[in-house]
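J.: Here you go, one structure.
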Amino acid sequence: MRLLLHRLKMFENLANKLENIFSKLKKAPSLNEEQVESGLKEIRQALLEADVALPVAKQFIENIKPKAIGQEIIRSTSPGQMIVKIVNDELVNILGGKNQELNFNAVPPVTFLLVGLQGSGKTTTAAKLAKFIEKKNKKKVMLVSLDVYRPAAQEQLKILAEKNNIFNLPIIDKQLPNDIAKRALNVASLNGSDVIIFDTAGRTQIDLQMMTEIKQIKELTKPTETILIADSLTGQIAVNVAKEFDSSVNLSSIILTRVDGDGRGGAALSMKHVTGKPIKYIGMGEKIEDIELFHPERIAKRILGMGDIVSLVEKASQDLDKEKIKKAESELKEGTFTMDSYLSQLQQMKKMGGMEGVMSMLPGVSNMKEKMANASIDEDMLTSNEAIILSMTKQERENPKIISGSRRKRISQGAGVDVNKINKLLKQFRMMSDMMKKMSKGKKIPSGRIPDEILNQLK
């Protein structure tokens, strides 16, 4: 469950613009109609710059305008906050309301038909979705490639399946898509597969041949879901593709891919409104676990800088090593903190998507993120610090005070880093250790910010 924490850049530009708009509205002790109107115009422009479809942006403003200029807003003691709430509610609505999961309500094997253009990430998504279903829904999944046109397409799915211990329908050379689908249904009934995921062939553009083939396969397999795999990076092109697929084969849902590279998010904000079909998952990265349920209410909060604590907790419960967490708690109570403790924290942080990943889920951290950016703190620091600690002896990890100049030189050679980085790590470690000791004695650490002392050492 790495996804939402793995450098999710979708909506980043929109979030930054909305934050600036709302900061001005929040500062005003009261708002008149003219100020609200001006704010709404800025919101509309921000949506358009985020590549949101014009009809969607217009409808969005039309829906919130009556509430935003209502007397309860104008007379409110905190009108800026009330407008944020109105915008949040409408964002949730336009993103699809509540999250929706896949429909498994059918006699097994339940079939899912994945459709989309070539290059949208369809084959990779098929494997990701299969693994997700097996882990979360506890169902046996069979992957089936119906792409007999793209060179090595079937082999690609086979490799992904084998690598991740997912059953893949054996390949028979020169077999046609309809025949493959029939064979898959027969095999599933024999081996007890609960779910079949069909990866259909894509094209560089929508054409009659592709749509005819998908219709035939759909009639044959009778899928409970016909799912469009759409590349979020293509923005409004993806929205138009969704419209065309829906009109031809009647989509049931959408999975957006490559959201990690999409700083605008216009496709996600437009899809549901334009097609009426929910986004059920979002995917990013190439790792098998890089897929996540799409939660409109959580996404809306993140767009508005309110954080996503629920996803953070969910991720922590799934990704973090429970034994290591218990050990960390024990060390905190006892006031002990070693380099091994610090190494464990670094590794747990990497599991959760790094510093940026965790911070992106916390409310009110925009200033902190800016501060870290200005300090040139990046994910490389986690990797280099990990390499430094792993280059230490057991004795050095337990007692860093013994690390002399000659030891630092040896560690730098082993880790492949400059000695200055080792010096910074040791200073940072001492401060972390002092913090732990203070916390063990019940002393409070300033909340909502990185202590300046530590930040300075991170620079």
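J.: Pull out the extension gain between N88 and E49, defined as 0.36 nm times the separation in residues minus the alpha carbon to alpha carbon distance; nm, one decimal.
T.: 12.2 nm
J.: While we're here: Please report the net charge: other residues with Cβ closer than 14 Å to the Cβ of A188, K and R +1, D and E -1.
T.: +4
J.: Take the residue pairs K136/K182; K24/K85; K135/K182; K287/K394; K135/K280; K139/K174 and return only those whose Cα atoms are more than 23 Å apart.
T.: Working: K136/K182 28 Å; K24/K85 15 Å; K135/K182 27 Å; K287/K394 33 Å; K135/K280 17 Å; K139/K174 30 Å.
From K136/K182; K24/K85; K135/K182; K287/K394; K135/K280; K139/K174, over 23 Å: K136/K182; K135/K182; K287/K394; K139/K174.
J.: Can you give me the C-alpha center-to-center distance between region 150-195 and region 14-52, rounded to a whole angstrom?
T.: Region 150-195 and region 14-52 have Cα centres spaced 51 Å from each other.
J.: On to the next question. List every residue whose amide H lies under 5 Å from the amide H of R203, counting only residues 5 or more places away in sequence or on a different chain, with H placed 1.01 Å from N in the peptide plane.
T.: Under 5 Å from the amide H of R203 lie the amide H atoms of Q118, each far enough along the sequence or on another chain.
J.: What order do you get for K24, K67, K280 when you list them from fewest to most C-beta neighbours inside 10 Å?
T.: K24, K67, K280
J.: While we're looking at this one, here's another question. Would you mind putting 389-397, 190-198 in packing order, based on average other-beta-carbon counts within 10 Å, highest first?
T.: Packing order, densest peptide first, comes out as 190-198, 389-397.
J.: What does DSSP give for region 110-304 in terms of the percent of beta bridges that are antiparallel, rounded to the nearest 5?
T.: Taking every DSSP beta bridge with both residues in region 110-304, the antiparallel ones total about 10 percent.
J.: Could you please rank T226, T212, T383, placing first whichever residue has the fewest other Cβ atoms within 10 Å of its Cβ?
T.: Values: T226 24, T212 11, T383 14.
Final ranking by Cβ density, sparse to dense: T212, T383, T226.
J.: Give me the number: length gained by fully extending N399 to I172, i.e. 0.36 nm times residue separation minus the C-alpha to C-alpha distance, one decimal in nm.
T.: Length difference between fully extended and current span is 75.6 nm.
J.: What is the sum of charges around A268, taking Lys and Arg as +1, Asp and Glu as -1, for the other residues whose C-beta is under 11 Å from the C-beta of A268?
T.: Every neighbour counted, the sum reads 0.
J.: Let me ask you something else. For a quick check: with amide H placed at 1.01 Å from N, whose amide H comes under 5 Å from I196's, ignoring anything fewer than 5 positions away on the same chain?
T.: So I196 has HN proximity to V110, T111, F112, M142.
J.: Turning to a different aspect of this structure: Listing L157, L14 from the residue with the fewest other Cβ atoms within 10 Å to the one with the most, what is the order?
T.: By the 10 Å Cβ count, ascending: L14, L157.
Read-outs throughout are calculated quantities, based only on the coordinates presented, and are distinct from any laboratory measurement. In this text the structure is predicted, and so the values were computed from the model without any measurement. Ideal geometry is used to build each Cβ from the backbone, glycine not excepted, and the neighbour counts take in all protein chains shown.
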